[in-house]
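A short worksheet on the structure shown next.
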Amino acid sequence: MATSSRSRETTTKPHVSESHERGVSPPVPTLTVVHHVDDAFLMARTALTRGRTTVGRTSALCRPKAFDHALVSRVHAHLEWTGATLSVTDAESRNGTFLNGERVSTTTARPGDVLEIGPVMLLLHMTDAAFSVRSAEHWVGAAAALR
């Protein structure tokens, strides 16, 4: 199969998102609470910043006290956004960190993945990706069905 020189040029060119070229901020990962033992936390959102974020009982991710639960370790997991990938690392927590229902030690998360820390389920999406409250509400219902 022959490849034209034009297609080779576009595949070797570094990827820059169209929104970034227009001067709009590039997408960042955002976590939305889709399941929690306290309904007051449903739909709480946090956009992650570049670097490492620690999630645990005292973290204010999504909202203060969102992870204040006996099933969540003081330091439960680390999320690291490099600008291109989001890695999830369990911090040797007692009850584990789960991505899409699978216990993980270290993995890469992608938009649409569901992160579980204790009784909290978080939907990962990108802020400039097609995401609506209706989409999150679908996940709230799906999360309830999984439990």
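The values are calculated or read from the model by the stated rules, or taken from the named source; none is laboratory data. Since we're looking at a predicted model, the values are computed, not measured. Note: ideal-geometry Cβ built from the backbone for every residue, glycine included; neighbour counts use all protein chains shown. Surface areas here come from the heavy atoms of the whole protein model, side chains and all, with no ligands, DNA or RNA. Shrake-Rupley method; radii C 1.70, N 1.55, O 1.52, S 1.80 Å.
Data for the structure
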quantity: Residues (at pLDDT 90 or above and open to solvent by less than 80 Å² (accessible area, probe 1.4 Å)) located in the stretch 49-70; calculated: Gly51, Thr53, Thr54, Val55, Gly56, Ala66, Phe67, His69
quantity: Flag for Ala130 being closer than 24 Å to Pro27 by Cα, touching a strand residue (DSSP E or B) at 6+ places or on another chain (Cβ under 8 Å) and either open to solvent by 30 Å² or more (accessible area, probe 1.4 Å) or at pLDDT 60 or above (or both); calculated: no
quantity: Count of residues meeting criterion [crowded, with 16+ Cβ neighbours inside 10 Å and under 24 Å from Thr127 (Cα atoms)] in the stretch 104-115; calculated: 5
quantity: Selection within the stretch 104-120 - closer than 23 Å to Leu42 by Cα and not in a loop (DSSP other than H, G, I, E, B); calculated: Ala109, Val114, Leu115, Glu116, Ile117, Val120
quantity: Looking only at the stretch 76-103, and only at residues there that are touching a strand residue (DSSP E or B) at 6+ places or on another chain (Cβ under 6 Å) and β-branched (Val, Ile, Thr), the one that is most open to solvent (accessible area, probe 1.4 Å); calculated: Thr85
